[in-house]
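K.L.:
Handing you this structure, nothing more for now.
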Amino acid sequence: QVQLVESGGGLVQAGGSLRLSCAASGRTFNNYAMGWCRQAPGKEREFVAVISGNSGRTYYADSVKGRFTISRDNAKNTVYLQMNSLKPEDTAVYYCAANPLITREPARYDYWGQGTQVTVSS
C-alpha cells in the first residue's frame, strides 16, 4: 500500500513557475515508478511525466516537454514536478501516481494522491 500526498499547487500568472511535491508513505518508494497526471474541467485525465524508481528514465508529454521537469528524492520518499513557462492551458488538478512499472497511461497507475489545483492566469 502506498499513500500519496501532493502539495505546491496555486495560482500563477502565465510565464511563471511552480514546483509540485508528492510525499509517499511506505518503505519501498524506490520500487515504484512515479508519475504526474492532470485533469482539466470537462477533460479526461492525461499523462504529464513519469520517472523510474532509480531516476534513470523520465518521459514527458509533448505538451510539457522542455518546460516541466520531474525528479525524485528516494531518501525523502518524495517526487517533484518543476513547472516553468506555465501557460493557461496548463490549468488543471495535478495528481501524483505510483506504479511498479513505468507507464504513460493514467489507467495503469495503482495508487493516486488527492490532487492539487494549478491555475494559470493569462
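The values are calculated or read from the model by the stated rules, or taken from the named source; none is laboratory data. Computed from a predicted structure; not experimentally measured. Here the Cβ positions follow ideal geometry from the backbone for every residue, glycine too, while neighbour counts run over all protein chains shown. Heavy atoms of the whole protein, side chains included, go into the accessibility calculation; ligands, DNA and RNA do not. Shrake-Rupley method; radii C 1.70, N 1.55, O 1.52, S 1.80 Å.
K.L.:
Hey, what did the stretch 50-118 get for relative contact order, percent, Cα under 8 Å, at least 6 apart? Before the final figure, lay out each step's value.
P.N.:
Values: 78 pairs, mean separation 18.3, N = 69.
Worked out over the stretch 50-118, it gives 27 percent.
K.L.:
May I pose another question? Step by step: find N for the chain, compute 2.2 N^0.38 Å, then divide the Cα radius of gyration by it. What's the final number?
P.N.:
Details: Rg = 13.2 Å, N = 122, 2.2 N^0.38 = 13.7 Å.
Its radius of gyration relative to the 2.2 N^0.38 Å reference: 0.97.
K.L.:
Can you give me the accessible area per residue for the chain, using a 1.4 Å probe, in Å²? Don't skip to the end; give the middle numbers.
P.N.:
On the way: 6330 Å² over 122 residues.
Result: 52 Å² of accessible area for each residue.
K.L.:
Quick one: if the Förster radius is 30 Å, what FRET efficiency do Glu44 and Ser121 give, using the C-beta to C-beta distance and rounding to 0.05? Please report the intermediate quantities before stating the final value.
P.N.:
Working: r = 24 Å, r/R0 = 0.79.
About 0.80, to the nearest 0.05.
K.L.:
With a 1.4 Å probe and all protein chains left in place, how much of the accessible area of the chain comes from carbon and sulfur atoms, in whole percent?
P.N.:
Taking all protein chains in place, the chain shows 45 percent carbon and sulfur surface.
K.L.:
Here's another thing I want to ask about it. By a straight-distance test (C-alpha under 19 Å), which aspartates and glutamates pair with Lys43 as possible cross-link partners, with residues fewer than eight away in the same chain excluded?
P.N.:
Asp62, Glu89, Asp90, Glu105
K.L.:
Let me ask something else. Enumerate cysteines in the chain without a disulfide-compatible partner, where compatibility requires another Cys Cβ under 4.7 angstrom.
P.N.:
Cys37
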